[in-house]
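All remarks here apply to the structure that follows.
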Amino acid sequence: MLITPIKIESLDTIDIAAEQLLQACPNARVFAFRAPMGAGKTTFIKAVCRKLGVKTAVSSPTFTLINEYPTESQNPIYHFDFYRLKSASEAFDTGAGEILYSGNYCFVEWPELAEAILPEETVRLRIIINETDNSRIIESDIA
């Protein structure tokens, strides 16, 4: 799915950007984010989770690989960080495959090694850092 690029001017506008993403992809449930270290993947996912009703702390699952967040609607949201994976089969062994096809919202950081288990309809995004003003652009990743 292609989306119109979304600009995040600063942390003050990140919730607006999160809302724009959800409006652009109303039926999407799996989102994969590519970006360099420090680009704001987790920070943006926190904003999206707030918009979706997560009331608990959202943090990077770097060491646990998968975090589950309860929501007001009782439908959990899943947050994956595959940075430390060595293969797609390792992601599959964590149970990620079943969760990714559960119909619940799933946000995936560092999806490169898990491409083989991502649903076909995954919204693939990349975050680009604008070095001039430190803003971010979220756009479709068609690579």
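Residues that are under 30 Å from Thr132 (Cβ atoms), buried (at least 16 other Cβ atoms within 10 Å of the Cβ), among the β-branched types (Val, Ile, Thr) and out of contact with any Ser or Thr (no Cβ under 7 Å at 6 or more places or on another chain): does the range 47-64 have at least one?
yes
Filter the range 84-121 down to the residues that are surrounded by 19 or more Cβ atoms within 10 Å (Cβ to Cβ) and either among the acidic types (Asp, Glu) or part of a loop (DSSP other than H, G, I, E, B) (or both) and list them by number.
Once the filter is applied, which keeps residues that are surrounded by 19 or more Cβ atoms within 10 Å (Cβ to Cβ) and either among the acidic types (Asp, Glu) or part of a loop (DSSP other than H, G, I, E, B) (or both), the range 84-121 yields Leu85, Tyr105, Glu109, Trp110, Leu118.
In the range 46-73, how many are of a type outside the set (D, E, K, R) and touching a helix residue (DSSP H, G or I) at 6+ places or on another chain (Cβ under 8 Å)? Step through it out loud before you land on a result.
Residues of the range 46-73 that are of a type outside the set (D, E, K, R), as a first pass: 47-49, 52-54, 56-67, 69-71, 73.
Remaining after also requiring touching a helix residue (DSSP H, G or I) at 6+ places or on another chain (Cβ under 8 Å): 47-48, 52, 58-60, 65-66, 69.
Qualifying residue count for the region: 9.
Please find, within the range 44-83, the residue that is nearest to the chain's Cα centre (by Cα) out of those that are closer than 12 Å to Val108 by Cα, hydrophobic (A, V, I, L, M, F, W, C) and part of a loop (DSSP other than H, G, I, E, B).
So the residue we want is Phe82.
Could you tell me whether the range 25-43 includes any residue that is under 14 Å from Tyr105 (Cα atoms) and polar (S, T, N, Q)? Can you show your working first?
Keep residues of the range 25-43 that are under 14 Å from Tyr105 (Cα atoms), which gives 25-33.
Still in the running and polar (S, T, N, Q): 27.
Checked the range 25-43: at least one residue is under 14 Å from Tyr105 (Cα atoms) and polar (S, T, N, Q).
If you go through the range 122-134, how many residues are over 14 Å from Pro36 (Cβ atoms) and at pLDDT below 95? Spell out how you get there, then give the answer.
Let us first name the residues in the range 122-134 that are over 14 Å from Pro36 (Cβ atoms), namely 122-124, 132-133.
Right, trim to at pLDDT below 95 and you get 132-133.
Matching residues across the range 122-134 total 2.
Would you say Gly103 is in contact (Cβ under 8 Å) with a residue 60 or more places away in the chain, farther than 22 Å from Arg136 by Cα and among the small types (Gly, Ala, Ser)?
Values: in contact (Cβ under 8 Å) with a residue 60 or more places away in the chain: yes; farther than 22 Å from Arg136 by Cα: yes; among the small types (Gly, Ala, Ser): yes.
Answer is yes for this residue.
Can you find a residue in the range 30-43 that is over 22 Å from Ile3 (Cβ atoms), touching a helix residue (DSSP H, G or I) at 6+ places or on another chain (Cβ under 8 Å) and buried (at least 19 other Cβ atoms within 10 Å of the Cβ)?
No: the range 30-43 contains no residue that is over 22 Å from Ile3 (Cβ atoms), touching a helix residue (DSSP H, G or I) at 6+ places or on another chain (Cβ under 8 Å) and buried (at least 19 other Cβ atoms within 10 Å of the Cβ).
The values are calculated or read from the model by the stated rules, or taken from the named source; none is laboratory data. Note that the structure is predicted; figures quoted are calculated from it, not measured. Ideal geometry is used to build each Cβ from the backbone, glycine not excepted, and the neighbour counts take in all protein chains shown.
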